[in-house]
Structure formats: structure tokens, C-alpha cells
Amino acid sequence: MCWGHGQDGKLGNGTTSNQNSPVEVSGISTATDISVGYRYACALLNNGTVNCWGYNGMGQLGNGNTTRQTSPVAVTGISNATQISAGYSHACARLNDNSVKCWGYGTYGQLGNGNTGTNSNVLVEIKDDGGLGYSGSECVNIYGSAYSVCMLLNTGKVL
């Protein structure tokens, strides 16, 4: 359930109205985790899919376009997520093979794919060009913040 400022549909109830008490997010009944960014939110469902709603100007809903959604839409290409973490206008999912995929605002490199200045409304895979020892299957936790992401590896390293 969500409440507060309804701008851009970020409460997920099909409207842009403000709500001073909790309202049900449309169509979400099997969520296991949620994460909220700036003017959007995402829910991890028990079947490993991710749904997001709200503002989508940077592609942060991950559904292949940049159109605002007042009700949840599926992030395209995710069927095995185990964790989600939203940043300001980007989000990442840890998958059941301990790899990570991100989408949305990428101006500061927060999508982790080696690019800066590029947004993506579809999934991108984390890339290790720095020789840090990340081969794509060691993540045990992800943490999104305003314009960055950190991940904890099963080796104890933090990237």
C-alpha cells in the first residue's frame, strides 16, 4: 500500500491524486519486496518478476518506453529476480544466479554498464572493465542511492 503525494501515479492506484491514508497498489497481491525512487516505485513479486509504476522519463520503469504509468507495469525481461533496489531515477535487480541488471537514468554511470550519459529503458548488465574480479555471478546484495549503486559480493568485496 502507498500514500502521500500522487504526482505521476507514483502511488500505483491508477490515479495522480494525493492520498492521506494508504491505498492499494493496483494488481499487486504477491509482493515480497518494494523499493521507492524519486516519483516512481517498484515491487518484486513472488514469481521473480518486477513491476514498477510512476514517472518514467528516464526509463526507470524498465518496460521499454518512457511513458508515465499510474498502475504497475512489468519490467521487461526479468523473471528470476530475488532483490530490487531503486535509486533516484534508476533501478537494479539481483537475479537468482547472483547477477545484477539495471535500467533507467545512467548519466553518472549508475547503470554499471561502462557508459555515462546514457539512459536505458531496458535492462543492462553490470560490466567489470576495471579488473575488480566481478564476473557477473557473485552479488549477494545491492544497494541503490540517489545516483549510485553498490553491491556486496560473496567474497566480501564491496563494489
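Looking only at residues that are farther than 21 Å from THR67 by Cα and open to solvent by 40 Å² or more (accessible area, probe 1.4 Å) in the range 118-129, which one is modelled with the lowest pLDDT?
By that ranking, first place goes to ASP129.
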**Request:** Take LEU111 and decide whether it is at pLDDT below 95 and within 14 Å of the chain's Cα centre (by Cα).
**Result:** yes
**Fill in**
Conditions (1) surrounded by 12 or more Cβ atoms within 10 Å (Cβ to Cβ); (2) in contact with a Lys or Arg (Cβ under 9 Å, 6 or more places away or on another chain); (3) not hydrophobic (A, V, I, L, M, F, W, C) -> GLY133 fails only (1)
**Request:** Quick one: which residue in GLY62, GLY48, GLY57 is at pLDDT 95 or above, among the small types (Gly, Ala, Ser) and farther than 26 Å from SER137 by Cβ?
**Result:** GLY57
**Item:** The one condition in (1) over 21 Å from GLY57 (Cβ atoms); (2) under 12 Å from the mean Cα position of the chain (by Cα); (3) in a loop (DSSP other than H, G, I, E, B); (4) hydroxyl-bearing (Ser, Thr, Tyr) that THR155 fails to fulfil
**Value:** (2)
**Message:** Criterion first (open to solvent by 40 Å² or more (accessible area, probe 1.4 Å), among the hydrophobic types (A, V, I, L, M, F, W, C) and either part of a strand (DSSP E or B) or closer than 27 Å to GLY27 by Cα (or both)) does VAL140 satisfy it?
**Reply:** yes
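The values are calculated or read from the model by the stated rules, or taken from the named source; none is laboratory data. Predicted model, so just to flag it, every value in this text is computed and none were measured. Note that we place each Cβ from the backbone using ideal geometry, even for glycine, and neighbour counts take in every protein chain shown. Remember, those area values only see protein heavy atoms, side chains included, never the ligands or the DNA or RNA. Shrake-Rupley method; radii C 1.70, N 1.55, O 1.52, S 1.80 Å.
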